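K.L.:
Sharing a structure here in structure tokens format.
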Amino acid sequence: MSLLSVDEARERILSHFQPVAVETLPLVECANRVLAQDIAATTDLPPFDNSSMDGFAIRVADVTDAADSPRSLRVVADIPAGVSPTISLAQGEAARIMTGAQVPDGAEAVVPVEDTDFSNRDAGSAAPDWVVISKSVTKGANVRPRGMDIHADEIVLQKGRVLKPQDLGLLAMLGYANISVHRKARVALFSSGNELLEAGAPLEPGKIRDSNSYTIAALIEEAGAGVIRLGVAKDDRESVKTLIEKAVDLEVDLILSSAGVSVGAFDFVKEVIEANGKMDFWRVNMRPGKPLAFGKYKDIPFIGLPGNPVSAFVGFEVFVRGVIGKLNGIYNGSRRKVQVRCAEQIDSDGRESYLRAEVHPAENGSFIAHLTGHQGSGNLHSLVQANALLIIPAGVKCVPAGQEVNAWLI
Ligand code: AMP
Ligand code: MG
């Protein structure tokens with residue numbers, strides 16, 4: 001069994017996945033879904049010149065000297081929001097206007113109420129017949145011109161984007177009530193091992209509680225897929241087969257398991273899968289989480305993560321998050337790396353290493369990383385204490401204190 005680099009293993013796995021189907025959904029159901037179409041602006045935004053203040057629309061020349069000699073203007077219209085004015089402002093005239101209301105023809109700026117002698121801002125109050133302006137304004141002041149934010153036909157959201165709340169707002173403004181998004185990928189998950197108990201069970205001699213199915217299920221959901229928790233498979237052929245067949249019935253896009261992937265750990269997983277597919281055991285040049293299984297059962301891809309809780313977590317981040325991103329149609333689904341400075345010297349064994357660390361901001365704007373205790377692959381506590389995984393590249397045996405490394409914030 002040869003040793004694969006992390007990148008090689010990742011590329012091999014990713015090459016087996018394609019984005020899941022597209023569906024059309026009402027906008028309210030689209031938060032966190034992945035956009036499957038480019039979105040072009042259907043209109044300018046704002047769609048008309050409008051006031052950004054409650055005040056009076058005026059012609060600039062009428063108020064040029066208003067600061068020295070306040071100017072009285074005749075109020076010829078009252079324009080609330082939602083109304084399209086029909087007048088055209090002539091010399092010496094003003095129109096009362098509310099925030100968001102369309103600016104009338106002929107007006108060049110809005111003078112805020114505060115800079116006039118009209119102080120009655122009660123809703124429903126009548127506009128005055130005359131208003132005295134006591135400040136000059138420049139052309140365009142307090143007017144949000146049509147197209148200031150977005151021009152019609154501009155591409156404002158691109159295919160492959162995970163829709164954020166503010167994206168939904170923009171889509172609504174542009175009149176997209178139904179949009180084309182990818183359906184959510186579905187992942188079936190099971191743990192395996194005779195030693196595993198449910199979280200609610202009392203401990204028994206020689207047994208531990210199954211933690212992976214909780215951690216990994218939450219990671220799957222966080223990555224944007226639906227999770228089907230199949231529970232724990234015993235270390236026997238029937239038990240494994242039953243769970244995998246259940247996943248097939250549920251037509252999942254990926255079957256994910258933890259444990260049983262170290263050499264000879266249990267050949268029956270291989271047997272079960274190979275009766276209806278293919279399965280490879282890999283050794284990846286990484287730490288933690290060297291063993292990894294990849295295969296297909298009845299054409300459904302299968303990834304076997306290592307059993308140790310931290311290895312399973314890291315394996316998910318390194319191999320599975322990107323798969324879910326690709327399935328969901330995300331344009332760039334990988335976690336963003338940040339640069340952090342190591343507070344202490346870090347020794348490594350030359351494998352690509354993912355180390356648990358607590359990162360906090362330093363005075364000079366950089367980020368400082370402290371390892372969070374014992375880095376053994378079974379120690380979940382140091383992962384819980386960490387907020388980052390430091391990535392030490394393959395081939396590096398020592399990172400001196402003060403040096404910068406890449407990290408994922410987790
Ligand atoms: P295995 O790959 O089956 O040899 O398991 C490797 C290590 O991970 C063993 O110490 C297992 O007890 C542990 N392990 C396996 N599955 C889980 C799980 N779901 N939760 C916690 N620990 C596990
Ligand atoms: Mg086991």
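The values are calculated or read from the model by the stated rules, or taken from the named source; none is laboratory data. Computed from a predicted structure; not experimentally measured. Reconstructed Cβ throughout: ideal geometry from the backbone, glycine too, with neighbour counts over all protein chains shown. Accessible surface is based on the protein model in full, side chains and every heavy atom, while ligands, DNA and RNA are left aside. Shrake-Rupley method; radii C 1.70, N 1.55, O 1.52, S 1.80 Å.
K.L.:
Of all residues in segment 380-397, which are more than 15 Å from residue 286 (Cα to Cα) and open to solvent by 60 Å² or more (accessible area, probe 1.4 Å)?
P.N.:
Residues of segment 380-397 more than 15 Å from residue 286 (Cα to Cα): 380-388.
Scanning segment 380-397 gives 381, 384, 385.
K.L.:
Tally up the residues in segment 155-203 that are open to solvent by 90 Å² or more (accessible area, probe 1.4 Å) and either within 16 Å of ligand 2 (Cβ to nearest atom) or more than 23 Å from the chain's Cα centre (by Cα) (or both), please.
P.N.:
3
K.L.:
List, please: which pairs have Cβ atoms under 8 Å, are six or more places apart or on different chains, and start with a residue in segment 246-262 that is more than 13 Å from residue 185 (Cβ to Cβ) and more than 12 Å from ligand 1 (Cβ to nearest atom) and end with one that is of a type outside the set (Ser, Thr, Tyr) and assigned to a loop (DSSP other than H, G, I, E, B)?
P.N.:
The qualifying pairs are 248/298.
K.L.:
Further question on the same structure: So residue 251 passes all but one of these: (1) in contact with a helix residue (DSSP H, G or I) (Cβ under 7 Å, 6 or more places away or on another chain); (2) more than 16 Å from ligand 2 (Cβ to nearest atom); (3) at positive phi. Which condition number does it fail?
P.N.:
Status for residue 251: all satisfied but (1).
K.L.:
What are the residues in segment 332-362 that are part of a strand (DSSP E or B) and surrounded by fewer than 16 Cβ atoms within 10 Å (Cβ to Cβ), if any? Step through it out loud before you land on a result.
P.N.:
Going through segment 332-362, the residues part of a strand (DSSP E or B) turn out to be 337-342, 346-347, 352-361.
337, 338, 339, 347, 360, 361, listed by residue number.
K.L.:
Looking at segment 188-223, which of its residues are at pLDDT 95 or above, in a strand (DSSP E or B) and either under 25 Å from residue 37 (Cβ atoms) or small (Gly, Ala, Ser) (or both)?
P.N.:
Of everything in segment 188-223, those that are at pLDDT 95 or above, in a strand (DSSP E or B) and either under 25 Å from residue 37 (Cβ atoms) or small (Gly, Ala, Ser) (or both) turn out to be 188, 191.
K.L.:
Quick check on this structure: which one of 231, 260 is in a strand (DSSP E or B) and either open to solvent by less than 30 Å² (accessible area, probe 1.4 Å) or within 16 Å of ligand 2 (Cβ to nearest atom) (or both)?
P.N.:
On the way: 260 fails: in a strand (DSSP E or B).
Just one listed residue meets the conditions, 231.
K.L.:
Would you mind stating whether residue 119 is open to solvent by less than 90 Å² (accessible area, probe 1.4 Å) and in a loop (DSSP other than H, G, I, E, B)?
P.N.:
Working: open to solvent by less than 90 Å² (accessible area, probe 1.4 Å): no; in a loop (DSSP other than H, G, I, E, B): yes.
Criteria not met by residue 119.
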